[in-house]
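K.L.:
Once you've had a glance at the structure underneath, I'll fire off some questions.
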Amino acid sequence: MSAETVEPATLPPVELDLTAVVATLTGQVDELARAKTAREHAYLLGRHGADELTVAEHRDTLTADKLLSRTSFDKAHKAGVTDTRDAAKGTSAARPGPAADRPHGKPHIEAGGAPDGIRNLTAAVDDGLFDDLYVTNGEIVHVGPVSGDTAIGTDDPLPLAATPLTPARFAAALAHQAYVYRTARGPNGTTWEEECVPAERVLAAVLSARHWPGVRTLRGIVGSPVLRPDGTLLQTPGYDPATGLHYAPKVTLRPVPERPSRAEVVTAKQFVERVLHDFPWVAPADKANYLGLLVSPILRPHTRALTPFGLVTATTQASGKTLLTDIAGALHGKRQQPWPETDDELRKVVTSVLANPEAVIVFDNVEEGTQVKSPILAGLLTATEWSDRLLGSSKTAKRANDRMWLATGNNVRLGGDMATRTAVVRLDPNMPNPDQRTGFAIPDLETWLAAPANRRELMWNVLVLVADWVAAGAPRSSHVMRQFTPWAQAAGGFVTHHGLPGFLDNTTDVRDMDDQAAMWQAFLARWEQKFGTQALTSATARASLDREPDGTDPWEGTVPDTLMSGRHLPSAVELGRRLGGHVGRWYGPYVLRRATADSHSKVQRWKVEKRDDNT
């Protein structure tokens, strides 16, 4: 590192009034500009020879208020002290070239030979000298705005994005935020410093490191306030050390009180009710489920819980399905995707969308009657981390799965494990031409949502309800939902606290949406009706599938497709193998058991048990 050179005649004055310094810095909205101004102030303290007590007071205040890291302050101050000493010795005039014109307030990094360049650049990054660089899963990432996004309406993107730092981006960051130089040598032994761009191999070598103890960990970017683990709301834009999240608000909010007044809570309930009032909910459970999903991105850092899949399904078009996801997107940021036709396509979609910061991922307008059944999706919902090979590369992407996954469609069905991993929201206008409905509390909700002022008020009132729930002790409900029980108890406690009945009460209806489960229940019911508790071999069970001489089907069409071999009946061996995949799983009141095999023949036998209740 080298000191900065500024001629005394052009040296700016230094502000010693700490209150004025803090006011100037906090008045700057842009985090990068604020950090640059703070570094310049620390540099000038050193350049003007401020006493140790003043320097310590300014350093402690700026670092306590998170306006500048202690490392960045000390580096900038040391550069000022060194420049003052060099100027007194007259070293500035002895060096020709651009060294005399070095910008102040920037870190100075010597990058002459490759080894020194790698060491010095690594130290500069790890010392936290670049306020927009973070580390995620061992990889340095750059957080900054992205220009030119063409999204409009409620789907406008978050104002910041995190991008892996490539050598080219690193070179640009150094050119804008640092003074990188090397020592040039001329004839007769003369030397001078000149600004330079490190070679790509040097930059790549620096970025190849996986251990960055001095760089702040970035766990994600959020567009709306979230609840910290300690129950406080993250409301200040910028990086939050307690959560590792960078808050980049979609709309600017006024502060939400830690303990809202009763009047504020009543007003917030009325506001949210006005927004949700005119949706044609099938039952109270659907409205309660939706509100529980809506606040999930806010609660997730607090509960640290997995969030189930959210399915918004309706009986017909123009029911308001997409509008419900637009509300979530307006608050948290939404990325909309078509429903992938294959699991391979789904994997690519997941890997792609997790590279973006939006908290809500929506598969919009799934084709009517589609059965949502995917082992990839089922596995994604129960994993906190996602790994997959990047397209066109041998590199594996490893990303946090901290999003809320939703889908919309008419008469959508569930299959596989999805029924027990989904919170369903059902809409039914119960009329022809629902697009002709009038008399809404908010006449054009879609246009209303597009106005930043309305999104600001909606977000603020939702947060008031969250703060009131926390102030009441964040009560939990007693709901049980497999791996999603912590979510169900927190979201259930939230909606119940605010007087909404029926949370997850449509579980039975959701199970009825599982076509595969319904088919197997009918099959096992027919088995129990035909054979009682008798144990059958695979061969006997297979023979029973054949049609009667008169052509009638003895199973009355209840044989599941998963037991068939295409359009043909399976062999005894195939039937036994496929039955084995369903042993021990309850379908309604029925369960298939593997009976004890004959000790001599080792032939497997199968039987069905029935339970009197259907719990």
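The numbers here are math on the coordinates, done by the rules we state, and not lab data. Nothing here was measured: the structure is a model prediction, and the numbers come from that model. In this analysis, Cβ positions are derived from the backbone assuming ideal geometry, glycine residues included, and neighbour counts consider all displayed protein chains.
K.L.:
Distance from the Cα centre of the range 395-472 to that of the range 346-385, in angstrom?
P.N.:
For the range 395-472 versus the range 346-385, the Cα centre distance is 16 Å.
K.L.:
Let me ask something else about it. Please name whichever of 513, 308, 533 sits farthest to the positive end of the charge dipole of the chain, dipole taken about the Cα centre and charges placed at Cβ: Lys and Arg +1, Asp and Glu -1.
P.N.:
533
K.L.:
In this model, which of 106/398; 250/287; 36/398; 373/395; 373/610; 250/321 are farther than 30 Å apart at the alpha-carbon?
P.N.:
Among 106/398; 250/287; 36/398; 373/395; 373/610; 250/321, the Cα-Cα distance tops 30 Å for 106/398; 36/398.
K.L.:
Looking only at the chain, where both bridge partners belong to it, what percent of the DSSP beta bridges are antiparallel (to the nearest 5)?
P.N.:
55 percent
K.L.:
How high is the relative contact order of the chain, given as a whole-number percent (alpha carbon pairs under 8 Å, six or more residues apart)?
P.N.:
It rounds to 11 percent for the chain.
K.L.:
In debye, nearest 20, what is the charge dipole magnitude of the chain about its Cα centre with +1 on Lys and Arg Cβ and -1 on Asp and Glu Cβ, if you could check?
P.N.:
1560 debye
K.L.:
On a straight-distance basis, which aspartates and glutamates could pair with residue 348 in a cross-link, Cα separation under 18 angstrom, same-chain partners fewer than 8 positions away excluded?
P.N.:
358, 364, 385, 388, 402
K.L.:
A further question on this structure: Where the centre of each part is set by its Cα atoms, how far does the range 514-582 sit from the range 265-324, in angstrom?
P.N.:
A separation of 41 Å, based on Cα centres.
K.L.:
Evaluate the Debye formula for the range 27-74 with equal point scatterers sitting on the alpha carbons, no solvent, and hand back log10 of I(q)/I(0) at q = 0.16, 0.31 Å⁻¹, in q order, two decimals.
P.N.:
Values returned for q = 0.16, 0.31 Å⁻¹ are -0.40, -1.22.
K.L.:
While we're on this one: How much FRET efficiency would the formula 1/(1 + (r/R0)^6) give for residue 254 and residue 472, where r is the Cβ-Cβ distance and R0 is 25 Å, rounded to 0.05?
P.N.:
The formula returns an efficiency of 0.65 here.
K.L.:
While we're here: Which one, 165, 566, 61, is farthest towards the positive end of the dipole of the chain when Lys and Arg carry +1 and Asp and Glu -1 on their Cβ?
P.N.:
Of 165, 566, 61, it is 566.
K.L.:
OK, next. For the range 436-587, with only Lys/Arg (+1) and Asp/Glu (-1) charged at the beta-carbon, what is the dipole magnitude about the Cα centre, in debye rounded to 20?
P.N.:
So the magnitude is around 480 debye.
K.L.:
What does the charge dipole of the range 398-505 about its Cα centre add up to, to the nearest 20 debye, if the Cβ of each Lys and Arg holds +1 and the Cβ of each Asp and Glu holds -1?
P.N.:
Dipole about the Cα centre, nearest 20: 500 debye.
K.L.:
What 222 nm value per residue comes from the helices of the chain, counting each DSSP H run with n ≥ 4 as -39,500 (n - 2.57) and dividing by all residues, nearest 500 deg cm²/dmol?
P.N.:
Calculated mean residue ellipticity at 222 nm is -11500 deg cm²/dmol.
K.L.:
Quick one: which residues, 5 or more positions from residue 504 or on another chain, have an amide H under 5 Å from its amide H? H modelled 1.01 Å from N in the peptide plane, none for Pro or chain starts.
P.N.:
289
K.L.:
At 0.36 nm per residue, and after removing the present C-alpha to C-alpha distance, how many nm does the segment from residue 529 to residue 568 gain when stretched out fully?
P.N.:
Extra length from residue 529 to residue 568 when fully extended: 11.6 nm.
K.L.:
Now a separate question. Any chance you could get the radius of gyration and Dmax over the Cα atoms of the range 401-522, in Å?
P.N.:
17.9, 53
K.L.:
I would also like to ask the following. Taking R0 as 22 Å, what FRET efficiency do you get between residue 389 and residue 217 from their Cβ-Cβ distance, rounded to the nearest 0.05?
P.N.:
After rounding to 0.05, the efficiency reads 0.35.
K.L.:
Still on this structure: Beyond 16 Å, what share of the Cα-Cα pairs of the range 504-547 remains, rounded to the nearest whole percent?
P.N.:
52 percent
K.L.:
If you don't mind, there's one more thing I want to ask. Points 7 angstrom from Cα along the Cβ direction at residue 304 and residue 431: gap in nanometres?
P.N.:
Between residue 304 and residue 431, the simple spin-label model gives 4.9 nm.
K.L.:
Give the cross-link partners of residue 607 among the aspartates and glutamates, using a straight C-alpha distance below 13 Å as the criterion and excluding same-chain residues fewer than 8 apart.
P.N.:
Result set, ordered by chain and number: 528.
K.L.:
Quick one: compute the contact order of the range 195-270, relative version, from alpha carbon pairs under 8 angstrom and 6+ residues apart, as a percent.
P.N.:
24 percent
K.L.:
Work through the residues other than residue 467 whose Cβ is under 14 Å from its Cβ and net out their charges, Lys, Arg +1 and Asp, Glu -1.
P.N.:
Charge balance in the 14 Å sphere: +1.
K.L.:
Next question. Testing the spin-label approximation: label points 7 Å from Cα along Cα→Cβ at residue 184 and residue 261. State their distance in nm.
P.N.:
Calculated label separation equals 6.8 nm.
K.L.:
Taking the alpha-carbon centroid of each part, what is the distance from the range 12-71 to the range 212-242 in angstrom?
P.N.:
23 Å
K.L.:
At 7 Å along the Cα-to-beta-carbon direction for both residue 365 and residue 209, put a label point, then send me their distance in nm to one decimal.
P.N.:
5.0 nm
K.L.:
Okay, next question. Please work out how much length the chain gains when fully extended from residue 556 to residue 353, using 0.36 nm per residue of separation minus the C-alpha to C-alpha distance, in nm with one decimal.
P.N.:
Between residue 556 and residue 353, full extension yields 68.6 nm more.
K.L.:
Then there's this: Do you know the relative contact order of the range 489-585, to the nearest whole percent, from alpha carbon pairs under 8 angstrom that are 6+ apart?
P.N.:
Reported relative contact order: 24 percent.
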